[in-house]
1. Please find, within the stretch B:1-32, the residue that is farthest from the chain's Cα centre (by Cα) out of those that are among the charged types (D, E, K, R) and open to solvent by less than 70 Å² (accessible area, probe 1.4 Å).
2. So A:Ile51 fits all but one of (1) away from chain B (no Cβ under 12 Å); (2) touching a Lys or Arg at 6+ places or on another chain (Cβ under 8 Å); (3) touching a residue at least 24 places away in the same chain (Cβ under 8 Å); what number is the exception?
3. Report yes if some residue within the stretch A:57-66 is more than 9 Å from chain B (Cβ to nearest Cβ), outside any strand (DSSP E or B) and under 17 Å from B:Val12 (Cα atoms); otherwise report no.
4. Do any residues in the stretch B:65-84 that are more than 18 Å from A:Ile51 (Cα to Cα) have Cβ atoms under 6 Å from those of residues that are open to solvent by 30 Å² or more (accessible area, probe 1.4 Å), where the two are at least six apart or on different chains, and which pairs are they?
5. With B:Ala63, B:Ala50, B:Ala83, B:Ala35 as the choices, which residue is over 13 Å from the mean Cα position of the chain (by Cα) and surrounded by 14 or more Cβ atoms within 10 Å (Cβ to Cβ)?
Number of protein chains: 2
Amino acid sequence: MWNPEDVTSYNVLVQVHLRPGIADPQGATIERSLATLGFPGVSDVRMGKAIVFTLEAESETAATAEVDELCRRFLINPVIEDAVISMTEADRAASGR
Amino acid sequence: MWNPEDVTSYNVLVQVHLRPGIADPQGATIERSLATLGFPGVSDVRMGKAIVFTLEAESETAATAEVDELCRRFLINPVIEDAVISMTEADRAASGR
């Protein structure tokens, strides 16, 4: 049974990048442009997505499992994308402890 | 004078997010969809960009200054976006030391 007193909030960051070997036209364009704009030391530019959200879960284990499933099912395309997940506890006070 | 022996490579990650208060329709759509798809604990979804690249610079100070200028001038729109920069030294071997 879900009880609002038992939940903890987590700040979650999901970084999504194209897998190595997948063409990244946005990154390539930025790299070419920066070289002509006076930043010749920049290379290997890859453009990805950063999705941040707050997740309420009963424990860190439950939160990790939920974020993993969420990424796998909805946030990333595993054929062409990789995800890096980072999670920090947000606010113990909100859980009433 | 630029000497390839003196440079160090840095792995740079620039996270770009819309400033608080700026409407984020992508994030709002994800949030609404996830609630109906069985993830009711997800809130405050914000969709941003994650740009990764390698930067060659003479020192960490020079690298930080270059990334700051690069973000200010090209990678972000400071009117509506905020950037979070993280940088790690990539490969001392490549610098010949």
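1. Looking only at the stretch B:1-32, we keep the residues that are among the charged types (D, E, K, R), and these are B:5-6, B:19, B:24, B:31-32.
The next check asks that each one be open to solvent by less than 70 Å² (accessible area, probe 1.4 Å); those that pass are B:24, B:31.
On the way: B:Asp24: 18, B:Glu31: 23 Å.
Only one residue fits best here, namely B:Glu31.
2. (1)
3. First, pick out the residues of the stretch A:57-66 that are more than 9 Å from chain B (Cβ to nearest Cβ): A:58-62, A:64-65.
In the following step, the residues that additionally are outside any strand (DSSP E or B) were identified as A:58-62, A:64-65.
Applying the additional criterion that residues be under 17 Å from B:Val12 (Cα atoms) yields none.
Checked the stretch A:57-66: no residue is more than 9 Å from chain B (Cβ to nearest Cβ), outside any strand (DSSP E or B) and under 17 Å from B:Val12 (Cα atoms).
4. Hits for this filter: B:Val67/B:Ile85; B:Cys71/B:Ala83.
5. Values: B:Ala50 fails: over 13 Å from the mean Cα position of the chain (by Cα); B:Ala83 fails: over 13 Å from the mean Cα position of the chain (by Cα); B:Ala35 fails: surrounded by 14 or more Cβ atoms within 10 Å (Cβ to Cβ).
Matching residue, one of B:Ala63, B:Ala50, B:Ala83, B:Ala35: B:Ala63.
The values are calculated or read from the model by the stated rules, or taken from the named source; none is laboratory data. Quick caveat: nothing in here was measured; it's all calculated off a predicted structure. Reconstructed Cβ throughout: ideal geometry from the backbone, glycine too, with neighbour counts over all protein chains shown. Only protein heavy atoms, including side chains, enter the accessible area calculation; ligands, DNA and RNA are left aside. Shrake-Rupley method; radii C 1.70, N 1.55, O 1.52, S 1.80 Å.
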